[in-house]
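Down below is the structure, laid out as structure tokens.
The values are calculated or read from the model by the stated rules, or taken from the named source; none is laboratory data. Note that the structure is a prediction, hence the values are computed from the model and not measured. Backbone-built Cβ (ideal geometry, glycine too); neighbour counts: all protein chains shown.
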Amino acid sequence: AQKLTSRTAITNLEGSPQHPSHGRSTRGPPVDFSAMYEVFLSTIVADEDIKATCSILAGLCAMPPWESLHRVLYFKGPSRPNGISNQNSIVKSQRKDVPGLWKNLHQQLSRQSYVVQARYEVFKDKDFGTETPADFDARAGVLRWTDFPDPPHKGSAVTQRKKNEIWEQRNLPSIMRDNKYQLKSEAIEETFQFYRDDAEFCLFRHYQLPPTPDGTPLARVGAWETGFTPSDPARRWIFLVKVHVLQDNKPDEILKAHEQLANIRRDLEGVFEFKTFDRRIHDTRVAVEMRNAPAPLPQVIRAT
């Protein structure tokens, strides 16, 4: 098999969608009241290698790719963290896990402001090139928060970080606005996913959407066939191999995830070269204006 590698820095590693069993409408999200841990390997795949990569992963996982598009809204928190204190716009859910997930997210966003994502699955025939404006308050989406990754283990290419996702939530733009989160940018995310046991193999790239004068989501986007320009001028794809530990207080499970990824890395040696990247590319923290509060590390190429 052809060796697929990259010698350049990753420009955006945020935002791949979750395993279908972790939140698709057919199966529902994980029932868990705390943040999960996302443990993953990373590399880059050139655009001309994407078909070969999908063929390799289809054989490895014995499945065709799960193709999807997501509209991703990035909301930047206030410089002084205040959590999700205003919950007037949160729609009550019958799911027992939702209040605990909101409580956990409020705690995380009270200690530090972050850029968080509101994510909506979109479809080429329904959401592109239509006259009907998008209404993201009326549409159910996923609110995603990811923490700054833990320091890497010596000699390991594995990255791990806390993650909180609240699925099937309406009024997300209003909830963000109520808590002084401002729309920073938005993008279309194109994804190919494969699954083997509880490991997710995810290829994705982003297409940046233009900002609006009033700082609200773009009401209409053009037809998919008219062409969208990838955010990366080289049109590359990010390739992540991920394992999720559904409770962040289970160190034995996190260790097992590391071992599982180490085995996958060995299985794919000579085909993909997974690399250790500066964890600051995953830094979604907002600079603080509080005394004695930890400030983010110096800025490098940041995830958006």
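Only residues that are assigned to a loop (DSSP other than H, G, I, E, B) and surrounded by 21 or more Cβ atoms within 10 Å (Cβ to Cβ) were counted in the stretch 239-267, giving 1. Output the residues belonging to the stretch 73-100 that are over 17 Å from R170 (Cβ atoms) and either surrounded by 14 or more Cβ atoms within 10 Å (Cβ to Cβ) or not charged (D, E, K, R) (or both). Those that are over 17 Å from R170 (Cβ atoms) and either surrounded by 14 or more Cβ atoms within 10 Å (Cβ to Cβ) or not charged (D, E, K, R) (or both): Y74, K76, G77, P78, S79, P81, N82, G83, S85, G100. Of all residues in the stretch 49-108, those satisfying the criterion of being β-branched (V, I, T), touching a strand residue (DSSP E or B) at 6+ places or on another chain (Cβ under 8 Å) and not in a helix (DSSP H, G or I) are V72, I90, V91.
Would you call P233 crowded, with 16+ Cβ neighbours inside 10 Å, at pLDDT 95 or above and part of a loop (DSSP other than H, G, I, E, B)? Judged against the criteria, P233 is not a match. How many residues are out of contact with any Ser or Thr (no Cβ under 7 Å at 6 or more places or on another chain), assigned to a strand (DSSP E or B) and crowded, with 20+ Cβ neighbours inside 10 Å if we restrict to the stretch 139-182? Result for the stretch 139-182: 11.
The residues of the stretch 104-126 that are basic (K, R) and under 20 Å from the mean Cα position of the chain (by Cα) amount to a single one, R119.
Is it true that some residue in the stretch 115-134 is crowded, with 19+ Cβ neighbours inside 10 Å, touching a residue at least 60 places away in the same chain (Cβ under 8 Å) and part of a helix (DSSP H, G or I)? Yes, the conditions are met somewhere in the stretch 115-134. Number of residues in the stretch 237-262 that are modelled with pLDDT of 95 or more and basic (K, R): the value is 2. In the stretch 175-216, the residue that is farthest from D47 (Cα to Cα) out of those that are of a type in the set (K, R) and in contact with a strand residue (DSSP E or B) (Cβ under 6 Å, 6 or more places away or on another chain) is K184. Return a yes/no flag: does the stretch 208-226 have any residue that is farther than 30 Å from K92 by Cβ, under 18 Å from the mean Cα position of the chain (by Cα) and either assigned to a helix (DSSP H, G or I) or among the charged types (D, E, K, R) (or both). There is no residue in the stretch 208-226 that is farther than 30 Å from K92 by Cβ, under 18 Å from the mean Cα position of the chain (by Cα) and either assigned to a helix (DSSP H, G or I) or among the charged types (D, E, K, R) (or both).
If G227 satisfies all but one of (1) of a type outside the set (D, E, K, R); (2) over 21 Å from F277 (Cβ atoms); (3) touching a residue at least 24 places away in the same chain (Cβ under 8 Å), what's the number of the condition it fails? Single failed check for G227: (3).
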